[in-house]
Amino acid sequence: MSGRIEKCFAGLKEQGRAALVTFVTAGDPDYETSLKIIQGLPKAGADIIEFGMPFTDPMADGPAIQAAGLRALRAGQTMKKTLKLVKAFRAGDKETPVVLMGYYNPIYVYGVEKFLTDAKVAGVDGLIVVDLPPEEDDELCLPAMKMDINFIRLATPTTDDNRAPVVFKNTSGFVYYVSVLGITGTKAPDLKSVQKNVNRLRRHTKLPIAVGFGVKSAEQARAITRSADGVVVGSALVSAVGNSLTKAGKPTSKTVKAVHSLVSEIASGVRS
Amino acid sequence: MTKPLVNSFRTGPDEKGLFGIYGGRFVAETLMPLILELEQAYKDAKADPSFQAELDSFLEHYVGRPSPLYFAERLTEHLGGAKIYFKRDELNHTGAHKINNVMGQILLARRMGKKRIIAETGAGQHGVATATACARFGLECIVYMGEVDIERQKPNVFRMKLLGAEVVPALSGSRTLKDALNEALRDWVANVEDTFYCIGTVAGPHPYPEMVRDFQSIIGVETRRQMQAREGRLPDSLVAAIGGGSNAMGLFHPFLDDASVEIIGVEAAGLGLRTKKHAASITGGRPGILHGNRTYLLMDDDGQITEGHSISAGLDYPGIGPEHSWLHDMKRVEYVSATDKEALEAFQLCCKLEGIIPALEPSHALAHVMKIAPTKPKDHLMVMNMCGRGDKDIFTVADILGVTL
Ligand SMILES: Cc1ncc(COP(=O)(O)O)c(C=O)c1O
């Protein structure tokens, strides 16, 4: 079944609310705990799951997501295991869209064809690859489109009216508006400029626009969803994972719960 | 040489920034408009004779160019083969070739009206060069440097501070050059409006590999002219050390289409290629994507970048400039390696025979010269790029030799 992302946004539109998109890193803090975390996300209030593919050198990520990636790698996470996690999640959930997010090198080394085939089989609906701008669409974006996997693009405050058509040309699923100039998890979004930019970008695309980077609370989520179709929460969730661990980095009884209760709380901001 | 696969090796990159399959613009969308702006600004500057004139003037009066092409007579006698010349870029202001590129980029930054300059550094030479040019032009300067490198290149850290730069430790990952580059890119993403990123080698997204190469090509251009004046002909071989590959590309590029010239790049083999402790991206790596370009990289089977290791902080980068990757695939340039131990021997020999304390980076090139010069006839003209002086390395060397300073 494809088109899960489209269906998700259409369904929410009928309900008259925006989507909560949650980001966690695959394999953080280990495979088993990570699986429990994502399995519980929809019930906690997540509408779309973004799953980070860990990479040693995440150049657009702040300390929280960097640390999550390194935790996952240390626990032995690989691309194969990330796809296996998606498959395991999909076995129990046929509806919730899953988007893989990360950097190109691990995909390139896995092999683009093989990656797309295996991702499709596992039940992946979309990809966000931070270091593949439209100038490099031949690499992965166009092959992904052919396989009916959405290629979701980041738009940023530097995406001006000249640049926007280039960015949106081969984008599908939704647009991820990065609300701050900077890396993940470091600055809080300025709500006025978010609204202005989302409205500006709407002149260039009919796709739903989700806004992320720096969202930590139900308050912010509520404010953002006044203008956007979705809100993305990431660093706050992986920080919740990080803060719940033992000194040695092992999960505790609080780990899974910490993520789910934060998601529930933020979901209340989206649903009210 | 066998028949070349292309008509010219000097026409790259194409309009997408590619050398064959290498290079490109693999950056976050936030940076894309800036990179396009930079590309245009560089094109305009290149076409503007007043830009080149200003750069030439600074290179002559501030940097001290041309650097001499020096006949290393005693080393030649000692090795008993090829006639060895040193291209003496260690005599430049700030002590390495890095300033050639920095002067070009800083003049460009001024043209673009950018007031805040960021840079990454490994050995500290690029950081010192950037801090120097920023002091000269009154620009704010922030240098990212791996925490590990800060420890092993203390004199350069203090130099940068004296010059008014802020040195920010890169605490992530392996805390060396690649992480300093990550931090610089993260800074750039957060400060796109007023900031110019002055990259220190022929890597990064297009147009950096091309631009840095162009600015460093003065090394090869001078060498051609000087060798003609000295010997009335071209050299027979060129040897240079490779970290990211900028001093090597600067020497090599003007000679790429001269089929008679044998060209050799020397990577750092660290503790040996059989161990994991080396930084030989071409010899020991494979193509992947990092820091904005596709190139040979050191990584594991899952595409995770591994740490480079070398006695020399300027060489332990797990990648190499994309044009080198292409020249390797095209078999125009031969890439070899030298170990920490070989470089250290070359370092000591050069001190004693030539009265020149080389940096540990060109000591790797010298180690290869020591291997091949004896096998060449006496009329073979070999040029080695003495791209930096060793003042910054005396503490490292003393430490290894067991001397307390
Ligand atoms: C003296 C010297 N040589 C070589 C290098 C390596 O860089 P590249 O390969 O770009 O010349 C450095 C880098 O710090 C250096 O300081």
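The values are calculated or read from the model by the stated rules, or taken from the named source; none is laboratory data. Quick caveat, the model's predicted, so the values are computed rather than measured. Methodologically, a virtual Cβ is constructed for each residue, glycine included, from the backbone with ideal geometry; neighbour enumeration extends over all protein chains shown.
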Q) Which number in (1) closer than 25 Å to A:A26 by Cβ; (2) without any contact (Cβ under 8 Å) to a residue 60 or more places away in the chain marks the one condition that A:A164 misses? A) (1)
Q: Mind counting the residues in segment B:304-330 that are within 14 Å of the ligand (Cβ to nearest atom), more than 14 Å from chain A (Cβ to nearest Cβ) and at pLDDT below 95?
A: 7
Q: Return the only residue of B:L177, B:L181, B:L162 being without any contact (Cβ under 8 Å) to a residue 40 or more places away in the chain and either within 14 Å of the ligand (Cβ to nearest atom) or more than 27 Å from B:A279 (Cβ to Cβ) (or both).
A: B:L162
Q: Could you check B:R186 against (1) closer than 24 Å to B:G288 by Cα; (2) surrounded by fewer than 24 Cβ atoms within 10 Å (Cβ to Cβ); (3) among the charged types (D, E, K, R) and say which number it fails?
A: (2)
(Q) Please determine whether any residue of segment B:244-264 is within 15 Å of the ligand (Cβ to nearest atom) and part of a loop (DSSP other than H, G, I, E, B). (A) yes
(Q) Just the residues that are surrounded by fewer than 23 Cβ atoms within 10 Å (Cβ to Cβ) and within 11 Å of another protein chain (Cβ to nearest Cβ), please, taken from segment B:195-224. (A) B:T195
Q | Number of positions in segment B:261-293 that are within 14 Å of another protein chain (Cβ to nearest Cβ), surrounded by 24 or more Cβ atoms within 10 Å (Cβ to Cβ) and without any contact (Cβ under 8 Å) to a residue 40 or more places away in the chain | A | 1
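Right, B:S50: among the polar types (S, T, N, Q) and surrounded by fewer than 23 Cβ atoms within 10 Å (Cβ to Cβ) or not?
Judged against the criteria, B:S50 is a match.
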Q | Hey, A:D47 more than 10 Å from chain B (Cβ to nearest Cβ) and in contact with a strand residue (DSSP E or B) (Cβ under 6 Å, 6 or more places away or on another chain) or not | A | yes
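Residues are listed down the side, and each one gets a yes or a no for (1) away from chain A (no Cβ under 14 Å); (2) in contact (Cβ under 8 Å) with a residue 60 or more places away in the chain; (3) touching a Gly at 6+ places or on another chain (Cβ under 9 Å):
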residue: B:V6; (1), (2), (3): yes, yes, no
residue: B:G12; (1), (2), (3): yes, yes, yes
residue: B:G17; (1), (2), (3): no, yes, yes
residue: B:G23; (1), (2), (3): no, yes, yes
residue: B:T30; (1), (2), (3): no, yes, yes
residue: B:E37; (1), (2), (3): no, yes, no
residue: B:A41; (1), (2), (3): yes, yes, no
residue: B:A45; (1), (2), (3): yes, yes, yes
residue: B:D48; (1), (2), (3): yes, no, no
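One line per residue, one yes/no per condition, for (1) in a helix (DSSP H, G or I); (2) more than 18 Å from the chain's Cα centre (by Cα); (3) outside the structural domain of B:E73 (by TED's automatic domain parsing):
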site: B:K331; (1), (2), (3): no, yes, no
site: B:A343; (1), (2), (3): yes, no, no
site: B:F347; (1), (2), (3): yes, yes, no
site: B:I356; (1), (2), (3): no, yes, no
site: B:A365; (1), (2), (3): yes, no, no
site: B:H368; (1), (2), (3): yes, no, no
Q | Subset of segment A:61-83 that is at the interface with another protein chain (Cβ under 9 Å from one of its Cβ atoms) and buried (at least 24 other Cβ atoms within 10 Å of the Cβ) - its residue that is nearest to the chain's Cα centre (by Cα) | A | A:D61
Q: Filter segment A:86-139 down to residues that are outside any loop (DSSP other than H, G, I, E, B) and hydroxyl-bearing (S, T, Y) and give me whichever is farthest from the other protein chains (Cβ to nearest Cβ).
A: A:T117
Q | Within segment A:140-156, tally of residues that are more than 9 Å from every other protein chain (Cβ to nearest Cβ) and under 18 Å from B:V27 (Cα atoms) | A | 5
Q: Answer with yes or no whether B:E361 is at pLDDT 95 or above, within 15 Å of the ligand (Cβ to nearest atom), more than 14 Å from chain A (Cβ to nearest Cβ) and in contact with a Phe, Trp or Tyr (Cβ under 6 Å, 6 or more places away or on another chain).
A: no
